[in-house]
Amino acid sequence: MASIFPETVLRTDSLVLRPFSRADVEDTRIAASDELTQTWLPLPLPYTLDHAVDWCTRASHALRDSGDGVHFAIADPDTDRLLGTIGLRKTDWRALTTEVGYWIAPWARGRGVAVEAAREIGRWALEERALERVELRAATGNLASRRVAERAGYRQEGVLRNAGITHGGRVDLAVYSLTPDDLDHSHQEGR
Ligand SMILES: CC(C)(COP(=O)(O)OP(=O)(O)OC[C@H]1O[C@@H](n2cnc3c(N)ncnc32)[C@H](O)[C@@H]1OP(=O)(O)O)[C@@H](O)C(=O)NCCC(=O)NCCS
């Protein structure tokens, strides 16, 4: 069954997940050009102002319209400043599976933003969109992202050999997933 994600805003204790807008262009350009972002994600290099304008005003919205996924801007609830992005793509509406991806801006790293956003988008996908599996793939060498997966409650399943691409070459991908069972367990454990 073909479907699409709704255009919506999600709120957690310290974050707002909302659609991208033109106001995010300059922060997107800076964050997507950042060395760590470019180390692990095969984004255009150089990442120009045109790329940022296209992503914020067209491509991120087209992704949702296509049914493939949805991409949220992670924003500060007080200032609305962009802190990063998190989204779902490669959604299979028949199998009810999807894949999460994210980057956090250099000015927002190291304070739990990715963990909180990954937990919330997983919960939303499984509890509110009725999906059955959210997959997370991270290069085996991307220790920060793997830690995010673990702390957000995703369980590691294995390693896909030679499955990913970065500007530095091909990489093995550690595969994690979140399923409805994991949410039930986290409730039971009182987390
Ligand atoms: C990975 C990334 C999203 C993490 O974002 P973040 O908001 O800083 O992450 P959090 O603060 O929520 O948590 C990071 C966790 O990783 C740990 N970590 C950070 N850098 C690390 C490193 N180099 N090695 C090991 N652990 C690391 C942190 O200590 C923290 O774990 P802790 O809470 O147990 O201490 C961010 O570094 C980033 O944008 N990287 C570039 C893009 C990217 O890799 N995207 C993911 C592709 S799969």
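Derivation of every value follows stated rules applied to the coordinates shown; laboratory data play no part. Every value quoted in this text rests on a predicted model; they were computed, and no experiment measured them. Positions of Cβ are backbone-derived with ideal geometry, glycine not excepted, and every protein chain shown enters the neighbour counts.
What to note about this one:
- Cα centroid separation, region 49-84 to region 107-157 (Å): 18
- Here GLU132 and ALA62 are evaluated by their C-beta separation; at R0 = 25 Å the FRET efficiency comes out at 0.45.
- Rounded, prolate or oblate (a/c below 1.5 giving rounded, otherwise prolate when a/b exceeds b/c) for the chain by Cα gyration tensor: rounded
- Sequentially through region 37-46, phi angles give Karplus couplings (6.51, -1.76, 1.60; θ = phi - 60°) of 4, 6, 5, 10, 10, x, 6, x, 9, x Hz, Gly and Pro residues having no value and appearing as x.
- Whole-Hz ³J(HN,Hα) from phi, Karplus 6.51 cos²θ - 1.76 cosθ + 1.60, for region 133-149, glycine and proline x: 7, 10, 9, 10, 10, 9, 3, 4, x, 8, 5, 5, 5, 5, 5, 4, 4
- The simple spin-label model puts a point 7 Å past each Cα toward its Cβ; for LEU160 and LEU96 those points are separated by 2.2 nm.
- Given R0 = 22 Å, the distance between the Cβ atoms of ARG11 and LEU183 translates into a calculated FRET efficiency of 0.75.
- Approximate spin-label separation THR48-SER3, in nm, with each point projected 7 Å along Cα-to-Cβ: 3.9
- Protection proxy ranking for 135-142, 165-172, 57-64, using the average of other Cβ atoms within 10 Å per residue and placing the highest first: 135-142, 57-64, 165-172.
- Positive end of the dipole of the chain (Cβ unit charges, origin at the Cα centre): among ALA117, PRO6, GLY101, the Cα lying farthest that way belongs to GLY101.
- This model, with +1 at the C-beta of Lys and Arg and -1 at the C-beta of Asp and Glu, gives the chain a dipole about its Cα centre of some 360 debye.
- Across region 102-118, rounded Karplus estimates of 3J(HN,Hα) from the backbone phi angles (6.51 cos²θ - 1.76 cosθ + 1.60, θ = phi - 60°) give 6, 9, 10, 5, x, 6, 10, 6, x, 10, x, 4, 5, 4, 5, 5, 5 Hz, Gly and Pro being marked x.
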